[in-house]
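> Before we start, here is the structure in question, set down as structure tokens.
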Amino acid sequence: MLNGKNIVIGVTGGIAAYKAADVVSRLKKQGANVYVIMTEHSTKFIQPLTFQSISQNYVVTDMFEDPKTWDVEHISLAKRADLFLVVPATANIIGKVAGGIADDFLTTTLMATVAPVYFALAMNTKMYENRIMQSNVKKLQEFGYHMILPESGRLACGDVGAGKLADPEFIVQNVVDYFTKSKPLSGKRILITAGPTREAIDPVRYITNHSSGKMGYAIAQVAVDQGADVTLISGPTQLTPPRGLNFIPVTSTREMYDAVMDNLEVDVVIKAAAPSDYKIVNYSEEKIKKTDGQMKMNFEKNPDILKRVGELKTHQVLVGFAAETQNVEAYAKKKLVEKNLDFIVANDVTAKGAGFDVDTNIITIYDKDGSADVYDCMAKSEVAAIILDKVFQKL
């Protein structure tokens, strides 16, 4: 099933390191080309010769090896990898990657690769449950890294609880699933916008809104996972773009408009961004000083990106969003017609779990055929999957 796939295995210094040999063996039996990188600490638990014998490839253990044994091809492992698997993944390696630390061969290769990365977690229960550790796991998941969670059981230290490395068969199945699972959007080109825009008042100040970009970024991640060729146009956010897509950062609504117009040769457009509707008429080149009286500003309309795409679309599936505080259904249906959308995702941002900068959403999808699908509160990644499933049906 994995014939010809290049799998890079990172082995770190945990007692479960010996189980990584079983993982390598199983991957080889599936037909994969396996390359192993070991941290210095992992060699205290199992010898590199074991992995070299099983993988039939040289095992990297030191960033600064003797030139006599140096193979320059090892530098290209980050590019060669079709998938990267760290097993066992200790709290140390998770913390390093989450913090952007690259101080050995494994972490530098992880930082350089654009291949999907899977971490098979294994550590003491208390370490696994530690809030810092859990925060690091969540952070990496938001960046698009995959976690193979540990099992519960008796650990080598004698504790009983979560932290035991998942069964090697299950770990390998995760790898197989990645390459064999259905990718319904394979070959489809999807343009997604996300986040707010900013309209400058003077060199110091600007107007914007509370959009975090989380919904658009979640859609982008799921679209990549489903095989789509994704372009993400994003206003300023605190988020890291998902891996494996074309990312275009913008600031103003005009910049977002131009970027969208330049990238309309796609199959699907999903407008999840919240661009500013208005901009300042007279931008001040100097900082506006405070006065005793009132300050009045004049605004003019920005271009309506969604409406223009609706006017220009030919074969594209066009999806819009309606984030409202009142009369949600009426406003959403009006926007659906006026913008020439295929369907619109509506939500009440005043509802708990559906507002700005949260990881969940509560949506209703209104279709141009007149139907309406109502959904309970769920993670934005789940909402993204629902939206893309409906896109697939439209395609």
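Values quoted throughout were computed directly from the atomic coordinates according to the rules given, and no laboratory measurement underlies them. Since we're looking at a predicted model, the values are computed, not measured. Quick reminder, even Gly has a Cβ in these numbers, built from the backbone with ideal geometry, and neighbours come from all protein chains shown.
> Averaged over all directions, how much area does the convex hull of the C-alpha atoms of segment 98-143 cover when projected, in nm²?
Spelled out: convex hull of the Cα atoms, projected over all directions, averaged, 3.6 nm².
> What fraction, in whole percent, of alpha-carbon pairs in segment 217-271 exceed 17 Å separation?
Here the long-distance tail beyond 17 Å is 34 percent of all Cα pairs in segment 217-271.
> Report the net charge of residues surrounding residue 368, where surrounding means a beta-carbon distance below 11 angstrom and charges are Lys +1, Arg +1, Asp -1, Glu -1.
0
> Classify segment 120-201 as rounded, prolate or oblate from the Cα gyration tensor: take a ≥ b ≥ c as the square roots of its eigenvalues, call it rounded if a/c is under 1.5, otherwise prolate when a/b beats b/c and oblate if not.
oblate
> Per 10 Å bin, what is the whole-percent P(r) computed from every C-alpha pair distance within the chain?
Calculated P(r), rounded to whole percents: 5, 20, 26, 21, 17, 9, 3, 0, 0.
> If I take the Cα coordinates of segment 326-395 and project them onto the principal axes, what are the three extents in Å, biggest first?
The Cα atoms of segment 326-395 stretch 29, 28, 17 Å along their principal axes.
> For helix 17-29, report the angle its Cα long axis makes with the longest principal axis of the Cα atoms of the chain; keep it between 0 and 90° and round to the nearest 10°.
80 degrees
> Note down the net charge around residue 31, summing +1 for each Lys or Arg and -1 for each Asp or Glu among other residues with Cβ under 15 Å from its Cβ.
So the environment of residue 31 carries a net charge of +3.
> Over segment 177-333, what number does the Rg to Rh ratio reach, with both radii from the alpha-carbon atoms and Rh per Kirkwood?
Here Rg/Rh amounts to 1.05.
> Kindly provide log₁₀ I(q)/I(0) values, in the same order as q = 0.12 Å⁻¹, from the Debye equation applied to equal alpha-carbon scatterers of segment 6-180.
-0.49
> While we're on this one: Determine, from the Cβ-Cβ distance of residue 338 and residue 80 and an R0 of 51 Å, the FRET efficiency 1/(1 + (r/R0)^6), rounded to the nearest 0.05.
Efficiency at R0 = 51 Å is approximately 0.55.
> Any idea what angle helix 168-180 forms with the longest principal axis of the chain, computed on alpha-carbon atoms, 0 to 90 degrees, nearest 10?
The angle comes out near 40 degrees.
> Oh, and also: Could you give log10 I(q)/I(0) at q = 0.19, 0.22 Å⁻¹ for segment 84-232, computed by the Debye formula over C-alpha point scatterers of equal weight, without solvent?
-1.20, -1.34
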